[in-house]
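The structure appears right after this line, and notes come after that.
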Amino acid sequence: MTQPSQRSLVVKPPRASVGVIGWLRQNLFSSALNTVFTLLAGYFLYVSIPPLIQWALLDADWIGDSRNDCTGEGACWVFIATRFKQFMYGFYPDTEQWRVNAAFLVLACLTAPLFVERFRYKMSLGLAIICGYPFLGYILFYGGFLGLPEVETYLWGGLMLTLVLAGIGIVLALPFGVLLALGRRSKMPVVRAASVTYIEIWRGVPLITVLFMSSVMLPLFFPEGVTLDKLLRALIGIVLFQSAYMAEVVRGGLQAIPRGQYEAAEALGLSYWKNMTLVILPQALKIVIPGIVNTFIALFKDTTLVLIIGLFDLLGIVQQAFADPDWLGFSVEGYVFSGLVFWLFCYGMSRYSQTLERRLHTGHAP
Amino acid sequence: MYSEKTPHDASVVTDETMIEMRDVHKWFGQFHVLKGIDLTVYKGERIVICGPSGSGKSTLIRCINHLETHQRGQIIIDGTELSEDLKDIERVRSEVGMVFQHFNLFPHLTVLENLSLAPVWVRGMPRRDAEKVAREYLERVRIPEQADKYPGQLSGGQQQRVAIARSLCMGPRIMLFDEPTSALDPEMIKEVLDVMVELAEEGMTMLCITHEMGFARTVANRVIFMDEGEIVEENAPSEFFDNPRHERTKLFLSQIL
Ligand SMILES: Nc1ncnc2c1ncn2[C@@H]1O[C@H](COP(=O)(O)OP(=O)(O)O)[C@@H](O)[C@H]1O
Ligand SMILES: [Mg+2]
């Protein structure tokens, strides 16, 4: 460290490039076109935001238990409030709803350390949760053990059903997608052909068809008397469908890994699976985090399609409430509410993926 | 360019055969890359391979650890013949270290993790021991202070030394180098060559593709000249450089010296 000489001048940046004015200049009024866009955006916000706030907050009615408590000038959140339990739990019995809360609470506590950057055993904890939690979840949600009464899946609904479908879908679609992607790049022609066929078939079919088939057609193939739970069938459909998408996302990542990485790992004597799990996949998955999360978000929102096979996820149960003769005409509130809930979860995933990308950045790849 | 120390003379070379290649052929599609390679390498030998670009040098040494599959002939590494048997291939690979032109370090792992990965997962060494060994080798390639950095944070010369240390952690009996210094800035070549010279002094069996002729003169027992998929000439370095016998060798030497 050399001391700067006394005479070296401390030159301040020009006034107009710092502070609020500098920021405004640089970002909003840097050119004529930019200025036009700024003014247009400003005008748009001016005409849209105040009425929205007026409707959703200032004129809204919050407290009450029937439509008579709503003045009709603003939003009638009373509708959401009185139905809230149903929107969360569907037809899950009142006395058993604590089990759902407990299940999600336990899951939240278990996964919390995974979000702490300094926690060192993420891998082990993650695996333990994936292996162990399904049993606990099953016992709590479905019951039939430890004195907990059974709650049939046709009673499940609302946000809880959305989270169950999306959660299981996400947890299963990723590993299946990875296997399919590896299969598609396999040196074995049979494996490759099977993977390609699978991916191309499922990607070419709309999810709604898949769900419908899994619900209506699948039972036809089962012998008399054998039934598969409707929720389970929907889940199978979602996982089969989304894993094909996931496979293509992951394949993009695999292709981005230079051949030298495969060769270096092979040259060290790592077997195929060790090479993949220790060297290739960690890098490939990191590259495609945005794509993976994109698929997760799509999956999350696609769960709303289970409505067509008679399962009531959050959106389904909200829509169903519109038909209540006591509450006719409040569909806007219902859609705004369910839209907001979906947005919260999807935005959360998106933010987390950005954090993850930053955290996993290890300097430039050689 | 490299350290002034000269390796012990040919006395470290034994008559124990480490690599035996008999009439090895390889094609890429219709293209005949290796046209009947016969090569025997003894324990402790240091062989430099040179030749024009595209002559099949890389393909030759990549056949030795089965990164490429030869289609005719025999390759026997330390008593194990390379065939399609995966177990044999994995055994040979864990005994043959390889250093690449572009280092090929694992960018998502720290230097220490790069070094301990294979000992832990291939040899089944406890992590603590593997890291201890890793630190020893980092010491030997003179970058112990970089253990917890990621490869992307190191200079090219440092990365290549890490790559050499990574191979050495597996305790290989043979080391293959594929142009280890040709992706490096000139000022970093020496630090890598120094490490290789030291390795030679310790009696490691080495096959090295390089155009660093100074290195070849001091370190090699034998220089092999390849052209168009054949071994054209092989000789002791002094003979090779001072009295090349073939026209093609003379032409090549006149181009690079
Ligand atoms: N994977 C491959 N597929 C097809 N041709 C290849 C492949 N690898 C190398 N070749 C060709 O084989 C020849 C020899 O390559 P290489 O062994 O890398 O030569 P060198 O290392 O001597 O420059 C070159 O003509 C190269 O284009
Ligand atoms: Mg080459």
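The values are calculated or read from the model by the stated rules, or taken from the named source; none is laboratory data. Just so you know, these numbers come straight off a predicted model, no measurement behind them. Cβ placement follows ideal geometry from the backbone for every residue including glycine, while neighbour counts extend to all protein chains displayed. Accessible surface areas use protein heavy atoms only, side chains included; no ligands, DNA or RNA. Shrake-Rupley method; radii C 1.70, N 1.55, O 1.52, S 1.80 Å.
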Spatially proximal lysines relative to A:LYS85 (Cα-Cα < 26 Å; intrachain offsets below 8 disregarded): A:LYS230, A:LYS301
What Kirkwood hydrodynamic radius, in Å, does region A:40-151 give when the mean of 1/r is taken over all pairs of distinct Cα atoms and then inverted? 18.2 Å
Would you mind checking the radius of gyration and Dmax of region A:282-366 based on alpha-carbon positions, in Å? 18.2, 66
√(5λ) per eigenvalue of the Cα gyration tensor, region A:92-215, largest first, Å: 32, 23, 12
In whole Å, how far is the Cα centre of region B:11-78 from that of region A:113-183? 52 Å
Which residue, A:SER331, A:SER48, A:SER243, tops the fluctuation ranking in a GNM of chain A built on C-alpha contacts under 10 Å? A:SER48
Per-selection metrics, chain B (Cα): Rg and Dmax in Å: 17.9, 55
Can you give the log10 of the normalised intensity I(q)/I(0) at q = 0.12, 0.17 Å⁻¹, computed with Debye over equal Cα scatterers of region A:148-303? -0.61, -1.01
Quick check: Cα centre of region A:270-310 to Cα centre of region B:126-204, how many Å? 36 Å
Roughly how many Å² of A:THR82 are accessible to a 1.4 Å probe, to the nearest 10? 60 Å²
Chain B: relative contact order in percent, alpha carbon pairs under 8 Å with at least 6 residues between: 28 percent
Just how much of A:TRP62 is accessible, in Å², when a 1.4 Å probe is used and the result is rounded to the nearest 10? 140 Å²
Between B:GLU84 and A:PHE119, the FRET efficiency computed from the C-beta separation at R0 = 41 Å comes out, to the nearest 0.05, as 0.40
Distance violations [Cα-Cα > 32 Å] among B:LYS57/B:LYS87; A:LYS286/B:LYS190; A:LYS122/B:LYS190; A:LYS187/B:LYS190; A:LYS286/B:LYS43; A:LYS187/B:LYS132: A:LYS286/B:LYS190; A:LYS122/B:LYS190; A:LYS187/B:LYS190; A:LYS286/B:LYS43; A:LYS187/B:LYS132
Starting from one equal scatterer on each C-alpha and no solvent at all, send me the Debye-based log10 I(q)/I(0) for region B:130-246 at q = 0.15, 0.19 Å⁻¹, two decimals. -0.72, -1.04
Can you quote the Å³ per residue value for the convex hull of the Cα atoms in region B:186-257, rounded to an integer? 97 Å³
Region A:91-140: percent of C-alpha pairs farther apart than 14 Å? 56 percent
Computed over the Cα atoms of chain A, what is the ratio Rg over Rh, Rh following Kirkwood? 1.06
Semi-axes of the equivalent ellipsoid for region A:242-289, Cα gyration tensor, largest first, Å: 21, 11, 8
Scaled to the compact-protein estimate 2.2 N^0.38 Å, what is the alpha-carbon radius of gyration of region B:185-224, rounded to two decimal places? 1.12
Cut-off of 10 Å, at most 14 other beta carbons, DSSP loop: longest stretch of chain A lacking such GluC sites (Glu not before Pro): A:225-366
Computed over the protein assembly as shown, the ratio Rg/Rh where both radii use C-alpha atoms and Rh is Kirkwood: 1.11
Please find, in a Gaussian network model of chain A (springs between Cα atoms separated by less than 10 Å), the residue of A:PRO189, A:PRO134, A:PRO223 whose mean-square fluctuation is greatest. A:PRO223
Counting only protein heavy atoms, what percent of the accessible surface of region A:125-274 is carbon or sulfur at a 1.4 Å probe? 74 percent
Value of relative contact order over region A:164-320, rounded to a whole percent, pairs C-alpha under 8 Å and six or more apart: 31 percent
Tell me, what % of the accessible area of chain B is carbon and sulfur with a 1.4 angstrom probe? 47 percent
Scattering curve values for region A:38-98, log₁₀ I(q)/I(0), Debye with Cα scatterers, q = 0.13, 0.26 Å⁻¹: -0.53, -0.97
Gap in Å between the Cα centre of region A:11-80 and the Cα centre of region A:189-234? 46 Å
Can you name the helices of chain A, as whole DSSP H runs, whose Cα span along the helix axis is 27 Å or more and whose Kyte-Doolittle mean is not below 1.0? A:32-53, A:158-184
In percent, how large is the relative contact order of chain A, given Cα pairs closer than 8 Å and 6 or more residues apart? 17 percent
Over chain A, the sum of -39500 (n - 2.57) across DSSP H runs of at least four, divided by residue number and rounded to 500 deg cm²/dmol, gives at 222 nm -20000 deg cm²/dmol
